[in-house]
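Every read-out reported here was derived from the displayed coordinates using simple, explicitly stated rules and does not represent laboratory data. Values in this document were obtained by computation on a predicted structure and should not be read as measured data. Positions of Cβ are generated from backbone atoms using ideal geometry, with glycine treated the same way; all protein chains shown enter the neighbour counts.
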Amino acid sequence: MKRRLHAAAFASLLAVLSPFAAVSCGDEATPPPKAPTQPGPVGAPQPPGQPLPYGMNDAPSSARPYDQPAQAAHPAMNGRAAALYQSGLQAFASGDLANARALFAQATQADPRAHQAFYSLGVVQERLRDGAAGASYRQAFTIVPDYEPAIIAYAMLLARKDQLGEAERLLNEKRGQMPKSAAVAATLAEIKSLQKDSGSAQRIAQEALKINPDYRPAMVIIARDHYRNRRLDLALYALQAILDGFEPVSENPPRDRDNAEALLLRGLIYREQGQRAAAIEEFRKAVARRPDLVEARVQLATFLLEAGNAQEALPLLEGAVRFDSEHLAAHLNLGDAYRLLERYADAKREFDWVLARNPNLPQVHYDLGLLYLFAPSVPGMTPKQQVAEAIKSLTKFQELRNKGQRDDSEELLNRAKLKEGELNAAAAAAQPATPTPPAAEADGGVAADAATSR
């Protein structure tokens, strides 16, 4: 049953999110976390594709290569670097991250003071799991010490590496140097939330809004912290303020109707509450607003696969792995989409990729079992090899799954064993019968032996 909200809690939240109200700085007792965050308002022209978060799993989202700080009064790069930089943005928008990385690197070589190019290079390096990402971010805010996007991206990179203390230290230092930066304060709130210090997270996010009442990422951080701490009713209330507003709308309009991370978060809550249609709608909107939002792509594709709609799920998942080539769930679901579309070699390639990275993931063994059992032919395998692998995969799934979990693996395993028996019987029946000697010859041989012995 849903928890009832106290009127005081609603009033406090409304004070934070109301367009005209002063922001309360009171600390609020609270519980544990999960994250993503868009590090700053976007002031640059936005290409069609945008950045990806790493999912609602304690790993905040990466920044966009073209994010700009609110003040955006920094030196421009030279013409040659600018041309390379724009080409890099176009490559990123299409999901060609390897080419984007090369172009951003060339831009930094064409203009070693191009802080924006170093930052964008770091974004793409991070997505490609390139260890040089941190150095690129640091170079960006070494050139321009108050360059918010690079500061925030580096702090979030540290968080993803479980270096929360180091991220907090950096942000506190920068907050001392940039006391008017809502972006730095809001990112510190995200870090406090990841540290399971929800009270401090809420207080600091509210302080960020006091600095800039229109700083949208801080509003999402407030909602996300409520979500992590299982205050779903408060999270939904905060998201309503961001995405829908309240009556009368003329006085309380939505603060950021198209905020993709807010849409993603609300979709996750609806999914958790069993509101399937509402969740799908939120994920669709999130993907439309930010095509590179990998978690939204994967969540939407999962619903589509469950409904048997692999055709629509396929481009979502292929796009997901372009924007995050190491996303396990994206590869796993992509394999399932290929399997349903009878592209068996492609399906096996994706499942083998997942298996190589996490052999103890139960679902990949289940999916391989389905592939081997039901595919008419898997390239390079005989029917007998397929059914043997199906039995092996389904047995492994049963070993790894959560105990007490109810599924159809036993039924599938029995079908595989039955199929194995049929193949063995067919193979035995196809063997030529061994000829037996005629009876007369056999009797004559016995008589001859007897005569010899006498």
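The slack in the chain from Asp407 to Ala132, taken as 0.36 nm per residue of separation less the alpha-carbon distance, amounts to 94.6 nm.
Using only the Cα atoms of the range 342-427, construct the convex hull and provide its projected area averaged over every direction, in square nanometres to one decimal.
On the way: hull surface 22.2 nm².
Mean orientational projected area (the range 342-427, Cα hull): 5.6 nm².
Give me the dipole magnitude in Debye, nearest 20, for the range 196-264 about the Cα centre, with unit charges on the beta carbon: positive for Lys and Arg, negative for Asp and Glu. Around 360 debye, computed over the range 196-264. Binning the alpha carbon pair distances of the range 263-338 at 5 angstrom intervals from zero yields the distribution 3, 20, 29, 24, 19, 4, 0, expressed in whole percent.
Quick one: length gained pulling Asp258 to Gln109 fully straight, 0.36 nm per residue minus the C-alpha distance? Before the final figure, lay out the partial values.
On the way: separation 149, 0.36 × 149 = 53.64 nm, distance 3.62 nm.
Full extension of this stretch gives 50.0 nm more.
Once backbone amide H atoms are built at 1.01 Å from N, Phe246 has Asn252 as its partners under 5 Å, excluding neighbours fewer than 5 places away on the same chain.
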